[in-house]
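One structure is given here, and the rest of the page talks about it.
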Amino acid sequence: MVLKTFGWSFGVTAGGFALAAFLWGWKGFAVVAILSVLEISLSFDNAVVNAGVLKKLNAFWQRIFLTIGILIAVFGMRLVFPVVIVAISAKIGPIEAVQLALDSPKTYEQLVTDAHPAIASFGGMFLLMIFLDFIFAEREHKWIAWLERPLAKLGKVDMLSVCIALIVLMVSAMTFAVEAHQHGGEHADKSSTVLLSGVAGLITYLLVNGLSSHFENKLEEEEEREHEAEEEAKREGKDPSLIGLAGKAAFFVFLYLEVLDASFSFDGVIGAFAITNHIFWMALGLGIGAMYVRSLTVYLVRQGTLEDYVYLEHGAHYAIGALAAILLITIRYQINEVVTGLVGVALIAASFWSSVRRNHRVEDSKPEVPSQV
């Protein structure tokens, strides 16, 4: 079962690691491996969400999502999108960005370094909003209860996450402005770029989140109509099994899943900039991780085992929060890429271990059923 579900992912992982070691040596291999683990870690909650919605669809639409959807996720978001980000930030064409990376890696690296404050501000704000909206929401399960309980109560204040994100952005921009005034010249323009890029990241999150909510509401409306159709079919003596999530309802589900998948992909792409600026290392590492999104989704639909690990979603979002903080810090200060990658892995591992311990406590608290002779 595991080999059948994860076979392609294992194959792509082995091939990708071998390619990285052959082309770029041990450093390239290490960074690609860290990016793969990071993307896989952040994909746990993505796969859980996808599986929860995907199991409502019929086999045809499941295949559509798992084929066309993975093409969009791998080639669109993980391969093309990083190049587009660099091209826009460095003010060069996408083809020119790739050609420059191939022919003049030092010049390309300098362009990316110059564009890093804008990239870090944009991505840091996007990721920070995801973390804040998660931590301020009321949830059944709480991983770090002493922190999450009061924050959930504060979350009842409207637009609190937006206000906090804007305050963080202002502090980051003002901190960077201090260095800009010290250096003068070109750096003086970057302080305003940091502020504008951060606002753009906030707007992007609000748009993506709004689209997700829109499609989710459409899905709920369609499910309600399908339920009414089933009840009417029963009253008229028709076969209710002929009524299902297909056609228009399934199309809305597909769109909703694509928006969700794109937002999760965006997390990984933006987070990868906190680890490396090398677009080919980034594309390979994130591509490997994207394969596991598909495999995990299929596995969850068939087995549903990861739903038992209730703190994994918490760990993934804490990792997103850590990446957001790191990106905003790297606007001015440099942080080692290996440390950045390991922070997210450590948080995921801790949430997984906490979930296992919780499951053991729940199992031990169940009363023993006396055996019947």
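The values are calculated or read from the model by the stated rules, or taken from the named source; none is laboratory data. Since this is a predicted model, take the numbers as computed values, not measurements. Every residue, glycine among them, receives a Cβ derived from its backbone with ideal geometry; neighbour counts consider all protein chains shown. Each accessible area value is taken on the protein alone, full model and side chains, heavy atoms only, with ligands, DNA and RNA left out. Shrake-Rupley method; radii C 1.70, N 1.55, O 1.52, S 1.80 Å.
Could you pull out the pairs from LYS55/LYS218; LYS156/LYS218; LYS153/LYS366 whose alpha carbons sit more than 28 Å apart here? Intermediate values should be presented prior to the final figure.
Numbers: LYS55/LYS218 17 Å; LYS156/LYS218 25 Å; LYS153/LYS366 31 Å.
Exceeds cut-off: LYS153/LYS366.
Accessible area of the range 73-182 with a 1.4 Å probe: how many percent of it is carbon plus sulfur?
Carbon with sulfur: 68 percent of the solvent-accessible area.
Could you work out how much longer the chain between GLN334 and ALA350 gets when fully extended? Use 0.36 nm per residue separation minus the Cα distance between them, nm to one decimal.
Numbers: separation 16, 0.36 × 16 = 5.76 nm, distance 2.59 nm.
Here the answer is 3.2 nm.
Which order do the peptides 279-286, 328-335, 194-201 come out in when sorted by mean C-beta neighbours inside 10 angstrom, highest first?
279-286, 194-201, 328-335
If ligands, DNA and RNA are left out, what is the accessible area of THR5 with a 1.4 Å probe, given in Å² to the nearest 10?
Solvent-accessible area, nearest 10 Å²: 10 Å².
Restricting the calculation to Cα positions, tell me the Rg (one decimal) and the Dmax (whole number) of the range 1-156 in Å.
19.8, 54
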